[in-house]
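The values are calculated or read from the model by the stated rules, or taken from the named source; none is laboratory data. Computed from a prediction, not measured in an experiment: that's the story for all the values here. With ideal geometry, Cβ positions are generated from the backbone for all residues, glycine too; neighbour counts draw on all protein chains shown. For accessibility, only protein heavy atoms count, side chains too; no ligands or nucleic acids. Shrake-Rupley method; radii C 1.70, N 1.55, O 1.52, S 1.80 Å.
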Amino acid sequence: MKAARFDYHRPATRAEALDMLQTLEGAKLLAGGQSLVAMLNMRYAFVDHLIDINRVEGLAGIALGDTIRIGAMTRQRDILESPALKARLPIVAAALNFVGHLHTRNRGTIGGSLGHMDPAAELFGIATLLDATIHVESRRGPRDVAIADYPQGYMTPGLDPDEMIVGVTLAPPAAGHGWSFLEFAQRHGDFAVVAVGTTLAFDSAGKVADARIVLCGMGIAPLRLAEAEALLVGTTAEPEAIAAAAEIAGRQEAMSDALASETYRRHLAGVLTRRALTEARARASHGKVQ
Amino acid sequence: MSAVSIRVTVNGTPFEREVEPRTHLADFLRHDLGLTGTHLGCEHGVCGACSVLVDGRAVRGCLMLAVQADGAEVTTVEGLAQVEQLNPLQEAFREFHALQCGFCTPGMLTTLMQLLEEHPEPSEEMLREELSGNLCRCTGYAGIIRAAMKAAPLLKAQRENAA
């Protein structure tokens, strides 16, 4: 099985890459290639020019401050194995354990995952949960895209054709937050049928100060449950509050496809949300942190 | 649609070749270098049969273009054994009947080389989870897991001796 013919380009700098992206007709960026190369092999995708950004300098790395910035070409593997990130924001590694397999994580990148925008992709869910800002560049200059404005349709990111993702900034909850990432998939490493990510941060009085819940696999993009999050804030996340939040998760719109019906996805969303919130509550430092 | 010149070291031997950009690494190894130990199953990144090591990391040979391996060190199943001497993992595969038809075996072996290097004391559960990315339809994985558990300390000792 072969991809259709294309020309291959390997820029060394961002400026070169952006020049190519702007001037070459029918061009696509090659990041980790773990979805794109498969699509090219299967001839689901055709390109005239492939711009391989694997050797562009300065696109990989993890910088931890008040927020966390991850370079677009940082391999999933390196994100998963970062001890500093695991200590600060353990949910990222927990989610990445569900992403593909050793081989695909060795190559796959966070920027590639966000650019591909599979609706059930765990990293897309994490970006949505953590109020990500996506940093993009083109010859026209840099631009920041809020994750809420990013999805434009099914596998269609809110990027112009000459724009390249260069990094993503995640906004972590307060230290001591509880977290959980749970997923139902047909096989380990598959895209989720439904996945749920949640973080709960408690104030010194033991009340929820910051609740975040995201559902993946329900529609074209991960779904934040603002109503359920608002319901949990100010509670102790006791079982009744968790049940009410899970009930909200279970009545969201969901798609039907070959993997699962809408009804089944809703059922999974409710069950997984309850379990995830319960786990996140147990992991949180109650009343010990501001 | 011009060919690209690449230099790649495979199992310690340097090669220089012209490749079409669309040629993936597994096809390059098999067709251009004649290293047919790397097997191709699905050719779209699902089965893991074509797994090889690139700079020590397991990759799916069908999801990486040969041009991307320019300058890299690639290890295929042919590079695991010394002349006439299987490595401890291969030896354990034989001992525990960890293969039947053998189609998945090169991918299993290369994947396990990275896994066992990073986890010298693996749990069976971890191995089963990680090897879900390599499909075997003969063995039910039981022999493969036993072989990996047996080989883990032997490979560690081998690495320590080499160091």
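Results for (1) of a type outside the set (Gly, Ala, Ser); (2) at pLDDT below 95, shown as yes or no for each residue.
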{"residue": "B:66", "(1), (2)": "no, no"}
{"residue": "B:77", "(1), (2)": "yes, no"}
{"residue": "B:81", "(1), (2)": "no, yes"}
{"residue": "B:85", "(1), (2)": "yes, yes"}
{"residue": "B:111", "(1), (2)": "yes, no"}
{"residue": "B:117", "(1), (2)": "yes, no"}
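Of all the residues in the range B:84-108, those that are within 18 Å of residue B:51 (Cβ to Cβ), open to solvent by 10 Å² or more (accessible area, probe 1.4 Å) and among the aliphatic types (A, V, I, L, M) number 1. Counting only strands (runs of 3 or more DSSP E) that sit completely within the range A:176-290, those holding 1 or more residues that are on the phi < 0 side of the Ramachandran plot and surrounded by fewer than 16 Cβ atoms within 10 Å (Cβ to Cβ) correspond to A:208-216. Within the range A:71-157, which helices (runs of 4 or more DSSP H) (wholly inside it) include 3 or more residues that are surrounded by 17 or more Cβ atoms within 10 Å (Cβ to Cβ) and within 12 Å of the chain's Cα centre (by Cα)? Helices (runs of 4 or more DSSP H) meeting the threshold: A:90-96, A:110-116, A:122-129. Taking the range B:46-163 as the region of interest, the helices (runs of 4 or more DSSP H) fully inside it that hold 3 or more residues being touching a residue at least 60 places away in the same chain (Cβ under 8 Å) are B:88-95, B:105-118, B:142-162. Among the residues here, residue B:25 does not qualify as within 14 Å of chain A (Cβ to nearest Cβ), within 18 Å of residue A:30 (Cβ to Cβ) and in contact with a Pro (Cβ under 7 Å, 6 or more places away or on another chain). Among the residues of the range B:38-54, at least one is touching a His at 6+ places or on another chain (Cβ under 6 Å), open to solvent by less than 10 Å² (accessible area, probe 1.4 Å) and of a type outside the set (D, E, K, R).
Kindly establish whether residue A:66 is within 14 Å of chain B (Cβ to nearest Cβ), free of Cβ contacts under 8 Å to residues at least 60 places away in the same chain and among the acidic types (Asp, Glu). Against the criterion (within 14 Å of chain B (Cβ to nearest Cβ), free of Cβ contacts under 8 Å to residues at least 60 places away in the same chain and among the acidic types (Asp, Glu)), residue A:66 does not qualify. Of the set (1) assigned to a loop (DSSP other than H, G, I, E, B); (2) facing chain B (nearest Cβ under 8 Å); (3) more than 28 Å from residue A:178 (Cα to Cα), all apply to residue A:50 but (1).
When the residues of the range A:1-28 are narrowed to those that are in a loop (DSSP other than H, G, I, E, B) and surrounded by fewer than 16 Cβ atoms within 10 Å (Cβ to Cβ), which ends up farthest from the other protein chains (Cβ to nearest Cβ)? Top of the filtered list is A:13.
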